Amino acid sequence: MKLQDMYQEIILDHYRNPHGRGLRDPFDAEVHHVNPTCGDEVTLRVKVDGDTLTDVSYEGMGCSISQASVSAMYDLVVGKSVPDALATGEDFMRLMQAKGDTAVADELEDSLEDAVAFAGVSKYPARIKCALMSWMALKDASARAWTPTETAPTEEPA
Amino acid sequence: MTATATAPATGRTPLPLDVEAVRADFPILGRTVRDGKRLVYLDSGATSQKPRQVLDAERWFYENVNAAPHRGAHALAEEATEAYEQARVTIASFIGAQPDEVVFTRNSTEAINLVAYAMSNAVTAKEPEFHRYAVGEGDEVVVTEMEHHANLIPWQQLCERTGATLRWLGLTDDGRLDLSDLDTVVNERTKLVTVTQQSNILGTMPPLAPIIERAHAVGALVMVDGAQSVPHQPVDVAALGADFLVFSGHKMLGPTGVGVLWGRAEVLAALPPFLTGGSMIEVVRMEGSTFAPPPQRFEAGVPMTAQVIGLAAAADYLTALGMDKVQAHEEALTEYALAQLQAIPGVRVIGPVDTVARGGAISFTVEGIHPHDVGQVLDDQGIAVRVGHHCAWPVVRRYGVPATTRATFYVHTGYDDVDALVEGVRHAQRFFGVDGGEEA
């Protein structure tokens, strides 16, 4: 049944028992993102030490998909370098554009861990933005809190 | 709401419309969704489905008549002009108006913007006769807290452009318009009062008579947003007594891309244009131009001719059903649905919980399940509802909910559709493990 494809048990677990929820100090940047078509909201803070994302804290309200997504994202990105976290975000974006293609999900399983369970969401265009909201907020907050240094593992354009 | 409060004893009064006969006119209702499920379309408040008669009218126009009306002297141009103006007569008659008081716009939103921009264009118009309804500093515009964004943002913007002040009437806890401060909110500084005839999210039908009376007593214009009323109840502009009425074709079985601004003749005559260009002019010279009288003054460019003709077919279709019957049909469904939904533990109706001064838009929340998730489970069963803030964000904020699930009814809705909705909500509760009143 399609509905279970989207509402994987792992997603409902994150929704009912969110990881890392609550706004914490200290932080380097705070952003507030909304989904204007439905009113879902997330306030998200990041703390960066050097290149490392040492904390992501958040408050939000929204549907199970948006709330589970931010919880799964917390598990994935805290402790990673900012470029690695953003690369994981790119992988998640690819998953959301996969239209339910299981090959894409298989390929991204190592990178996305629990978050690969959101593969079923990609079959429902109206819900993709729910899943992406927190990742957009993370990208925004990271850009405010952190600028690539010469030692950062990002490629400068030639 | 508690389970014991309402026993679902409410009977099904016989529906005034023959649902099966009506459904046979709507080709889309014959399709299935989500792996073969019957389409239960409860989202007419967002846009209505179209009967074959409307589709045939548009096809007839394109296959037989298509030409730009009010231009050219060839046979098709004459016939297109005749068809377009005959459609105006039909649509005017549908709301008890004179044809030259009916302006075709893209939708209600554009009709409202037309008036809002005309009132700021009046400030700088070179023609003295267009200054009458100019808005500026010290003037006030009054809206209500239950307006659709389409009847809020244009007025916020008008006030920002002109320095006027936006004021509003609030809501009561039971989903009604709060008129307790009507006499202070609407005062000698008020230039225009605008109010919905039927809230798209709450279903509430505010009492318009005292608002119109007060507004006219202080010399203000009154606009009525009929986007959710004209499709669902008889509306007669003469009886209404307002200065403007707006509505959209696509919500009343008509095509997208056509809406109506009705305005009292002497008010329209004193308004400068909003959009300018071809066919709205009188004389054009390089140094400056003069404008045609209404309604042409407000219909720049080649109009949405086929859509206007489709809308006239929709008006004819509704007239044949009888708007009194349409309203009674939806009231019976609403009464039944309100009782059935409120009998479900955890369901809270946002808006009036009885059918007094209420239309058929029913918004509700289900404890422990976000409206998006309710909507998703319903969708999986073929039931189309709207979820979110319904372009009325201040309303959901007022009632302390992030969003709602909304069901809306129309001429093809039957008790089986309501039963599907109610069972669908129960299914959502089981799916998310919040049934039996055991909230998460």
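So which helices (runs of 4 or more DSSP H) stay within the stretch A:62-158 end to end and still have 3 or more residues that are in contact with a Cys (Cβ under 9 Å, 6 or more places away or on another chain)?
Values: elements: A:64-77, A:82-96, A:102-112, A:125-145.
The qualifying helices (runs of 4 or more DSSP H) are A:64-77, A:125-145.
Just name the residue that is nearest to the other protein chains (Cβ to nearest Cβ) out of those in the stretch A:37-59 that are assigned to a strand (DSSP E or B) and surrounded by 24 or more Cβ atoms within 10 Å (Cβ to Cβ).
Of everything passing the filter in the stretch A:37-59, A:ASP40 is nearest to the other protein chains (Cβ to nearest Cβ).
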Members of the stretch B:327-356 that are closer than 15 Å to B:VAL374 by Cβ and β-branched (Val, Ile, Thr): B:ILE344, B:VAL347, B:VAL349, B:ILE350
Out of B:THR165, B:THR172, B:THR124, sole residue that is within 30 Å of B:THR355 (Cα to Cα) and β-branched (Val, Ile, Thr): B:THR172
Filtered residues of the stretch B:343-387 (kept if basic (Lys, Arg) and more than 19 Å from B:PHE432 (Cα to Cα)): B:ARG358, B:ARG386
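Only one residue in B:ALA116, B:ALA77, B:ALA73 is without any contact (Cβ under 8 Å) to a residue 60 or more places away in the chain, in the same structural domain as B:VAL308 (by TED's automatic domain parsing) and either loosely packed, with under 14 Cβ neighbours inside 10 Å or more than 19 Å from B:ALA300 (Cα to Cα) (or both), so which one is that?
Details: B:ALA116 fails: either loosely packed, with under 14 Cβ neighbours inside 10 Å or more than 19 Å from B:ALA300 (Cα to Cα) (or both); B:ALA77 fails: either loosely packed, with under 14 Cβ neighbours inside 10 Å or more than 19 Å from B:ALA300 (Cα to Cα) (or both).
Answer to the check: B:ALA73.
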For B:PRO231: the one exception among (1) within 26 Å of B:THR319 (Cβ to Cβ); (2) in contact with a His (Cβ under 8 Å, 6 or more places away or on another chain): (2)
1 or more residues without any contact (Cβ under 8 Å) to a residue 24 or more places away in the chain and in the same structural domain as B:ASN113 (by TED's automatic domain parsing): qualifying strands (runs of 3 or more DSSP E) within the stretch B:242-344: B:281-285, B:288-291
Residue match in the stretch B:188-211 (condition: more than 22 Å from B:ASN113 (Cβ to Cβ) and acidic (Asp, Glu)): yes
Residue check, A:GLN4 surrounded by fewer than 21 Cβ atoms within 10 Å (Cβ to Cβ), within 24 Å of B:VAL374 (Cα to Cα) and not hydroxyl-bearing (Ser, Thr, Tyr): yes
Residue in the stretch B:123-141 that is farthest from B:ASP225 (Cα to Cα), counting only those that are assigned to a loop (DSSP other than H, G, I, E, B) and aliphatic (A, V, I, L, M): B:ALA125
Selected residue (criterion: surrounded by the most Cβ atoms within 10 Å (Cβ to Cβ)) from residues of the stretch B:382-425 that are outside any helix (DSSP H, G or I) and more than 13 Å from chain A (Cβ to nearest Cβ): B:ALA407
Answer residue from the stretch B:199-250, given it is under 17 Å from B:ALA92 (Cα atoms) and among the charged types (D, E, K, R) and is surrounded by the most Cβ atoms within 10 Å (Cβ to Cβ) among those: B:ASP225
Subset of the stretch B:123-140 that is surrounded by 10 or more Cβ atoms within 10 Å (Cβ to Cβ) and without any contact (Cβ under 8 Å) to a residue 12 or more places away in the chain - its residue that is farthest from the chain's Cα centre (by Cα): B:THR124
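Residues are listed down the side, and each one gets a yes or a no for (1) in contact with an Asp or Glu (Cβ under 6 Å, 6 or more places away or on another chain); (2) not β-branched (Val, Ile, Thr):
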{"residue": "A:TYR7", "(1), (2)": "no, yes"}
{"residue": "A:ASN35", "(1), (2)": "no, yes"}
{"residue": "A:LYS47", "(1), (2)": "yes, yes"}
{"residue": "A:PRO83", "(1), (2)": "no, yes"}
{"residue": "A:PHE92", "(1), (2)": "no, yes"}
{"residue": "A:THR102", "(1), (2)": "no, no"}
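Against the condition part of a strand (DSSP E or B) and either at negative phi or without any contact (Cβ under 8 Å) to a residue 24 or more places away in the chain (or both), how does B:ALA428 come out, does it pass?
no
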Unmet criterion (only one of (1) on the phi > 0 side of the Ramachandran plot; (2) under 12 Å from the mean Cα position of the chain (by Cα)) for A:LYS139: (1)
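The values are calculated or read from the model by the stated rules, or taken from the named source; none is laboratory data. Remember, predicted model here, so these are calculated numbers, not experimental data. Glycine also receives a Cβ, built like all others from the backbone with ideal geometry; neighbour counts cover every protein chain displayed.
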